[in-house]
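The values are calculated or read from the model by the stated rules, or taken from the named source; none is laboratory data. As the structure is a prediction and not an experimental result, all values here were calculated from the model. No Cβ is skipped: glycine too gets one built from the backbone with ideal geometry, and neighbour counts run over all protein chains shown.
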Amino acid sequence: MTDELTLRNQIEELHRQIRQKPGQAELYHDLGVGYYLLGEYQHSITFLNKAVESDPDNKTYRYNLANSYAEYESFELAIRNYLDVIDSIPDHIPALNNLADCYEKTGNEKDAHDVFQYITKIAPQNALAFFNLGNFYLRRNNHHEAARKYKKAIETEPGFTDAYFTLSWILKEIGAYPEALEFAEKGLSTDKDHEDLQKLAREIRLRLG
């Protein structure tokens, strides 16, 4: 509650500054981000649009506007703005990843897959890119391809605990208990306090007797 109160006080101050200096793109942007953090996406969209109108070449403003549209589930408008960002910054990984999410949520699985896969090509050292592609496959029940991508994420970043967890879970689901336990234990070596991984490891040990 204290954090929300602080944020609302900051928002009120931004409104005061805008009344004094209307048309300031940065103030509109900061106000839009404030409303975004509160989860008030309609207000966020209103002020981020004003920021973009005042400074249309600022891709940070447009990227945050796209994020607000995505959270508001106006996916087509989010896609349009992510594409605008990517047109100027082709390797903008967060915009690419969020674009893929929007494609998937609108049922455009081919484009979603292509973008997720493209990210792994342009950012081969980004373990999260492989993890996200693995999640895409997992949502399609393609456990084999998902497992391959999780392994790639681990190869790229050996401390990626969530990749160990999800890979271990897949192996448990297909009955490969010794291999599942191996990855669970490796994951716990990177984060011994990971509660979901601790629970999964216990379940696997019970299955193994």
Every pair of residues 6+ apart whose Cβ atoms lie under 6 Å, when the first sits in region 54-82 and is part of a helix (DSSP H, G or I) while the second is of a type in the set (Asp, Glu): Arg62/Asp84
Single residue of Asp3, Asp30 found to be without any contact (Cβ under 8 Å) to a residue 60 or more places away in the chain and surrounded by 15 or more Cβ atoms within 10 Å (Cβ to Cβ): Asp30
Residue count for region 24-35, restricted to those that are in a helix (DSSP H, G or I) and farther than 12 Å from Leu7 by Cβ: 6
Single unsatisfied condition, Lys192 versus (1) assigned to a helix (DSSP H, G or I); (2) charged (D, E, K, R); (3) farther than 30 Å from Glu73 by Cβ; (4) without any contact (Cβ under 8 Å) to a residue 12 or more places away in the chain: (1)
Pairs, first at negative phi in region 93-112, second crowded, with 21+ Cβ neighbours inside 10 Å and not in a helix (DSSP H, G or I), C-beta under 8 Å, six or more apart: none
Looking only at region 36-68, and only at residues there that are aromatic (Phe, Trp, Tyr) and surrounded by 23 or more Cβ atoms within 10 Å (Cβ to Cβ), the one that is farthest from Asp3 (Cα to Cα): Tyr61
Inter-residue pairs, beta-carbon under 6 Å, first among the charged types (D, E, K, R) and modelled with pLDDT of 95 or more and in region 143-154, second surrounded by fewer than 16 Cβ atoms within 10 Å (Cβ to Cβ) and not in a helix (DSSP H, G or I), 6+ apart: none
Search result, residues across region 69-96 that are buried (at least 21 other Cβ atoms within 10 Å of the Cβ) and among the polar types (S, T, N, Q): Asn81
Scope region 36-70; condition farther than 17 Å from Ile11 by Cβ and of a type in the set (D, E, K, R); matching residues: Glu53, Asp55, Asp57, Lys59, Arg62
Residues of region 189-209 satisfying the condition of being under 18 Å from Ala127 (Cβ atoms), surrounded by 15 or more Cβ atoms within 10 Å (Cβ to Cβ) and out of contact with any Ser or Thr (no Cβ under 6 Å at 6 or more places or on another chain): Leu197
Scan of region 172-188 for residues that are within 26 Å of Pro124 (Cβ to Cβ) and either surrounded by 20 or more Cβ atoms within 10 Å (Cβ to Cβ) or in contact (Cβ under 8 Å) with a residue 40 or more places away in the chain (or both), ordered by number: Phe183, Gly187
Among (1) assigned to a helix (DSSP H, G or I); (2) closer than 30 Å to Tyr63 by Cα - the single one Lys186 does not satisfy: (2)
